[in-house]
1. Quick check on region 28-38. Is at least one of its residues more than 16 Å from ligand 1 (Cβ to nearest atom) and over 30 Å from LYS130 (Cα atoms)?
2. Return the residues of region 92-137 that are touching a Cys at 6+ places or on another chain (Cβ under 8 Å) and either farther than 17 Å from PRO150 by Cα or polar (S, T, N, Q) (or both); say none if nothing qualifies.
3. So, restricting to helices (runs of 4 or more DSSP H) that lie completely within region 164-270, which ones have at least 1 residues that are free of Cβ contacts under 8 Å to residues at least 24 places away in the same chain?
4. Out of all the residues in region 54-65, is one or more surrounded by fewer than 16 Cβ atoms within 10 Å (Cβ to Cβ), among the small types (Gly, Ala, Ser) and near ligand 2 (Cβ under 10 Å from one of its atoms)?
5. Hey, among ILE189, ILE170, ILE193, ILE201, which residue is away from ligand 2 (no atom under 16 Å from the Cβ) and either surrounded by fewer than 22 Cβ atoms within 10 Å (Cβ to Cβ) or not hydroxyl-bearing (Ser, Thr, Tyr) (or both)?
6. From the set of residues in region 43-55 that are of a type outside the set (Ser, Thr, Tyr) and in contact with a helix residue (DSSP H, G or I) (Cβ under 8 Å, 6 or more places away or on another chain), which is farthest from GLU25 (Cα to Cα)?
7. Please find, among ALA210, ALA247, ALA274, ALA259, the residue that is within 17 Å of LEU310 (Cα to Cα) and open to solvent by less than 50 Å² (accessible area, probe 1.4 Å).
8. For GLY34, work out the one condition from (1) at pLDDT below 95; (2) of a type outside the set (Phe, Trp, Tyr); (3) buried (at least 22 other Cβ atoms within 10 Å of the Cβ); (4) away from ligand 2 (no atom under 16 Å from the Cβ) it doesn't fulfil.
Amino acid sequence: MIEVKNLTKQYGDKKAVNDISFKVEKGEILGFLGPNGAGKSTTMNMLTGYISSTSGHVLINGVDILEDPKKAKANIGYLPEIPPLYVDMTVDAYLSFVFDLKKCKLPRKAHLKDVCNLCKINDVRGRIIKNLSKGYRQRVGLAQALINNPPVLILDEPTVGLDPNQIIEIRTLIKKLGKRHTVILSSHILPEIQAVCDRIIIINKGEVAADGTADEIARKLTNEHKMTLRIEGSTRSAKDKDEIVSAIRGIKGIKYVRADMEREKGIYDYDVEADEDTDIRRELNTLCRDKGWNILMLQLSDLTLEDIFLKITMGDTAGMTEQPAKPATRIKLVTESELEAMNKAAEEDDDTAGDDSDSSSDSTDEQDSEDQDNGGNE
Ligand code: ADP
Ligand code: MG
């Protein structure tokens, strides 16, 4: 359905996207996961023919997007990071305009109604877009992407700036759309991608860092030569850390050691990685016995997708490349409920400041919580 071959985008001397290749099969929901600045939007803009690539190819249904853009683009519905809305138009007028722009041959009234039903924007069809809340605007953006029933949908960070309920609604909608369309969706938020996508491509610094289902990615990057140890040193204080780290470093075949958090009073965990196919457990035991230390736990590393994402994106790539990794601060990924709280706070910020950022906004825009907003005509 979609084939991306050695795609590169260079801005000046900076490579925003560097030699990316992947395929997306019909009916897949692919998540494009990466931190801000990873190159997600740039890739999506090339996939949709919105910008050209420096080198490489994008084939949509076998058609090269740069060779026959009209034909290739006819297969794509695109929701860019900033939805391309004409905010002075009503929803209806705007969607009708998009309908004409796409030279859609479907019965206009029925098709627009279907799309509006699907995106749950029926109650605001007569309203001026600039007066709609962010959640509604995003759904109008999604509706324009759906006009003409394109087989491929490309959605760039479709839930950014939405409140938790809106996020859940959009996710549910995307899942539903995935039954009829091939979807590529980008996000910098892991739970988001995990909740919606069959397959994940982690993109970092313009390159594909991992590709597969969540399980496949975790399995591929989990290895027996990596482990976490909890060692009780002789002083049972932070003083033990350096001694333990340097002693472990002395074992043959060790690639990487770092002290992690204090897990019990004065006792630390250590992340240890040896060369591949090297089992250092016995040497570790001998070392600890000789030093009079106690191993309180030895756990072969079983990375979750969260760990992997953090490691990849924070530059702690121990085990994923040949490079010994820099120690990374261990941070906890936010849970779904924390994420919701954060989004809520952001949305509240947006409610107080956001309307000003929309220069064309006016006083009728005060109600940003559309779920109570039943679409009175302005
Ligand atoms: P993401 O969508 O993953 O946040 P982008 O694709 O927007 O990342 O950006 C990738 C990198 O390319 C960033 O470092 C960004 O600053 C750079 N970049 C994006 N667009 C341009 C541009 N038009 N000119 C120069 N640099 C750009
Ligand atoms: Mg982006």
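The values are calculated or read from the model by the stated rules, or taken from the named source; none is laboratory data. Keep in mind that this is a model prediction, so the values were computed, not measured. Cβ placement follows ideal geometry from the backbone for every residue including glycine, while neighbour counts extend to all protein chains displayed. Quick note on the areas: whole protein, heavy atoms, side chains included, nothing else; ligands and nucleic acids left out. Shrake-Rupley method; radii C 1.70, N 1.55, O 1.52, S 1.80 Å.
1. Yes, region 28-38 contains at least one residue that is more than 16 Å from ligand 1 (Cβ to nearest atom) and over 30 Å from LYS130 (Cα atoms).
2. Residues satisfying the conditions are ASN122, ARG125.
3. Output list reads 164-178, 214-220, 240-249.
4. No.
5. Details: ILE189 fails: away from ligand 2 (no atom under 16 Å from the Cβ); ILE193 fails: away from ligand 2 (no atom under 16 Å from the Cβ); ILE201 fails: away from ligand 2 (no atom under 16 Å from the Cβ).
Only one candidate passes the filter, namely ILE170.
6. Result: ILE51.
7. After ruling out the rest, the residue left standing is ALA210.
8. Looking at each condition in turn, GLY34 falls short on (4).
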